[in-house]
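Inspection log for the structure reproduced underneath, given as structure tokens.
Each reported figure results from applying straightforward, stated rules to the coordinates on display, with no laboratory input. These numbers were taken from a predicted model, which means no experiment stands behind them. Note that we place each Cβ from the backbone using ideal geometry, even for glycine, and neighbour counts take in every protein chain shown.
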């Protein structure tokens with residue numbers, strides 16, 4: 001018997017899917033802000049050999065880049081309570097995303113900082129710019145302009161990876177999809193629409209970040 005497609009049972013729960021998508025976008029926004037902030041700090045420490053922080057960030061980066069995101073999430077949500085550190089699903093998901101994105105963005109931003117020509121820094125010093133001005137306008141902003149596309153892609157990867165947060169009952173998009181499918185048993189239709197939503201969110205985030213980079217990062221770096 002040919003399969004009979006029926007999207008109506010899924011569309012009836014469109015509010016749950018949209019709420020889950022909104023939750024995923026909120027997770028991504030918070031994770032991106034703090035993750036890139038953490039990555040910037042790590043990149044500065046590693047690129048400029050600020051001891052002992054450069055070594056600490058080195059260990060952190062290797063630990064995160066060589067372990068699965070799901071294991072990191074489980075360690076935070078299930079492991080830390082053994083040490084008396086308890087947090088809700090939202091806090092654990094955000095922390096896991098920040099830590100994961102922070103490790104990858106550390107190396108991405110570090111590459112941009114190390115690509116800054118020494119001559120540019122010396123020219124800025126000859127113009128009597130302060131160390132803060134040199135760092136902000138000559139080193140950091142041009143570095144971010146160079147690596148912004150890579151950072152954008154990494155944020156999207158983390159957003160897509162947030163689907164595993166459903167494993168700790170974080171009410172993001174995949175959690176909503178699993179809930180709907182468990183009620184109507186329309187797996188194809190449910191996950192087809194869920195895939196379409198993830199695809200749309202990825203395109204939206206890419207466009208927003210590229211516009212942000214073009215007007216805030218790249219534009220001012222010139």
Based on the Cβ-Cβ distance from residue 56 to residue 91, what FRET efficiency comes out when R0 is 22 Å, to the nearest 0.05?
0.40
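Over region 10-221, calculate the relative contact order: mean separation of alpha carbon pairs under 8 Å at least 6 apart, over the residue count, as a percent.
30
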Between the modelled labels at residue 30 and residue 169 (7 Å from Cα along Cα→Cβ) the distance in nm is 1.8
Treating region 1-127 as a set of equal point scatterers at the Cα positions, no solvent, please give the Debye-formula log₁₀ I(q)/I(0) at q = 0.09, 0.19, 0.20, 0.21 Å⁻¹.
-0.43, -1.07, -1.13, -1.19
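Hey, fewest Cβ within 10 Å first, where do 164, 30, 155, 59 land in order?
With the sparsest Cβ surroundings first, the list reads 59, 30, 164, 155.
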Fewest to most Cβ atoms within 10 Å: 27, 173, 203 sort as 203, 27, 173
Kindly put 109, 64, 44 in sequence by how many other C-beta atoms sit within 10 Å of each C-beta, fewest to most.
64, 44, 109
If you stretched the chain out fully between residue 150 and residue 8, how much longer would it get, using 0.36 nm times the residue separation minus the C-alpha to C-alpha distance?
47.2 nm
Angle in degrees between helix 14-47 and the longest Cα principal axis of the chain, rounded to the nearest 10:
20
In degrees from 0 to 90, rounded to the nearest 10, what is the angle of the helix 141-161 Cα long axis to the longest principal axis of the chain?
20
Expressed in Å to one decimal, the Kirkwood Rh of the chain from all distinct alpha-carbon pairs is 19.3
MRE, 222 nm, helices only [DSSP H, n ≥ 4, -39500 (n - 2.57), over the chain, to nearest 500]:
-23000 deg cm²/dmol
Once you order the gyration tensor axes a ≥ b ≥ c over the Cα atoms, which shape class does region 157-200 get: rounded for a/c under 1.5, otherwise prolate or oblate by comparing a/b with b/c?
oblate
